[in-house]
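Please treat every number below as a calculation from the coordinates, not as lab data. Small disclaimer: the values here were computed from a predicted structure and weren't measured. As a convention, Cβ positions derive from the backbone with ideal geometry for all residues, glycine included, and neighbour counts pool all protein chains shown.
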Amino acid sequence: MSDIRSRIDRLQAQKSQQKEARELLKSLDVRQHIAPVYYDLHADIEQGAHTVYNLPGGRGSCKSSFVSLEIVTGVMGDPTGRSNAIVFRLVAGTMRESVFSQIAWAIDSLGVAHLWKNRVSPMQYTYLPTGAQIIFRGLDDASKLKSIKPQRGTFKYIWFEEFAELPGPNFLRSVMQSVQRGGDNFTVFRSFNPPMSANNWANVYIQEPDARAITLLTDYTKIPREWLGEAFIYEAERLRDLNPQAYAHEYLGQPTGTGGEVFPNVEIREITDDEIKSMGYIYQGIDFGFAVDPACFMRVSYDAKHDTVYFLDEIFKRHCSNKELAKLIKDKGYDRTRPSVYYSRMFGAVAGDERALIICDAAEPKSITDLHNEGLKCYACHKEPGCVEYRVKWLQHRKIVIDPKRTPNAYREFVHYEYATDKDGNILAVLPDKDNHSIDAVAYALNNLIYRKGISA
């Protein structure tokens, strides 16, 4: 009897929620929460004029905010509860702090949080009045998608956040075949910061003729200034003045490279001894290796005023033990700080400790311990899902000055490092894990700077 009573109570509560939801939807104006640049696209979605919405854009363009609002209101707008949504990113570990939080923001902004219930394992939001779902999935293992189904209805809304992360058009088709089942009315969002190369597959793909698709390129200049804040505007304009190419890519969403090169921002020239003497901030990093992969130590300087990284010296050697590597570093005097170099506590300095900080690959704690035992001040780099791509992106948005005489191996790797391609020759937003030892070592060296609050990729 108590089970029947409990079921009746739940049904009555759901009917009450449905009534409240209907009244809320009548008064809800999504246009109050989206930037004016998206008004026409919002109307297009309401009319069902297109199936696919390509949203390339620079930082601060509010494209993810727009998509999250459209999905939440779209799911709420179907009283049958058969319109569900699925949200994708390539790496599952990046979802909680990105798309999951973005959907939470949209729900809170609309003032309807009491009508939604979330859980994080597996990640999903449930709309209580109808039971419709917003499901989140990483594409690390796309084979698992075949078993994904909403409780009822279809995935009417499909969102690919950071669309360019996907490994090519064939992969995209496979994913779409898995989730576009049981219906013929879908709304697909592809939001992403365009990769640097104009030949990247995603940049090319959205330009292909498709009567079902519409593309809107946005950037922060089209967003109300007060939405972004003065700190954001300052950083954007500072980068515009220091590095116009990086600004065009990062903030305006423009591809600025013509091929598959990862670092088109490299300047090759002589770095004089007098220049090095005047450099104040020195950073050092190690990528471990032994047989096939070399051990690589990189010493670089960063000029914050001009947003420029200078490569000063390298140690690049195969069959090099940790003991030998430590000796080579100490023989060059790189185990000690220079009198002119100031290390704040943020960068690991301790009063009375004049040893130079070296940041190493976190994947080899035993090697870090070996170097510690040799008297070097070594620490592991920051590590989280997507950190490799983030560090490379940070480097892409600075000028990099390389003197081939000082760092010949770094010169070779940085100049020749290119994005991977699929079997059809499409350039992917995938970083090959080969011939990148100095690239990793430089990224480790600058680790504390890359993850410093207020400085971004």
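When the helix-only estimate is applied to the chain (DSSP H runs of n ≥ 4, each -39,500 (n - 2.57), divided by the residue count), what is the mean residue ellipticity at 222 nm, nearest 500 deg cm²/dmol? Display every interim value, and only then the final one.
Values: 16 runs with 155 residues, N = 457.
Theoretical 222 nm ellipticity from helices: -10000 deg cm²/dmol.
The Cα-based radius of gyration and maximum Cα-Cα distance (Dmax) for the range 2-228 are 17.8, 64 Å.
In a reduced charge model with +1 at each Lys and Arg Cβ and -1 at each Asp and Glu Cβ, the chain shows a dipole moment near 1460 debye about its Cα centre. With all pairs of separate Cα atoms included, the chain yields a Kirkwood hydrodynamic radius of 24.6 Å. Restricting to Cα pairs below 8 Å that are 6+ residues apart, what does the relative contact order work out to for the chain? Please round to a whole percent. Value for the chain: 17 percent. Looking at the range 225-314, the GluC sites (Glu not before Pro) that sit in a DSSP loop and have at most 14 other Cβ atoms within 10 Å of their own Cβ are E270.
Listed from fewest to most Cβ neighbours within 10 Å, the set T130, T80, T421 follows the order T80, T421, T130.
Sorted from fewest to most neighbouring beta carbons within 10 Å, what does the list C387, C378 look like?
Details: C387 16, C378 25.
Exposure proxy ranking, most exposed first: C387, C378.
For K26, K434, the sequence from fewest to most other C-beta atoms within 10 Å is K26, K434. Along the Cα-to-Cβ line of T421, 7 Å from the Cα, sits a label point; which residues in the range 244-274 have backbone N less than 19 Å from it? The answer is 256-264.
Between Rg and the Kirkwood Rh of the range 266-450, both from Cα atoms, what is the Rg to Rh ratio? Can you show the working numbers first?
Values: Rg = 16.1 Å, Rh = 16.9 Å.
Value, to two decimals: 0.95.
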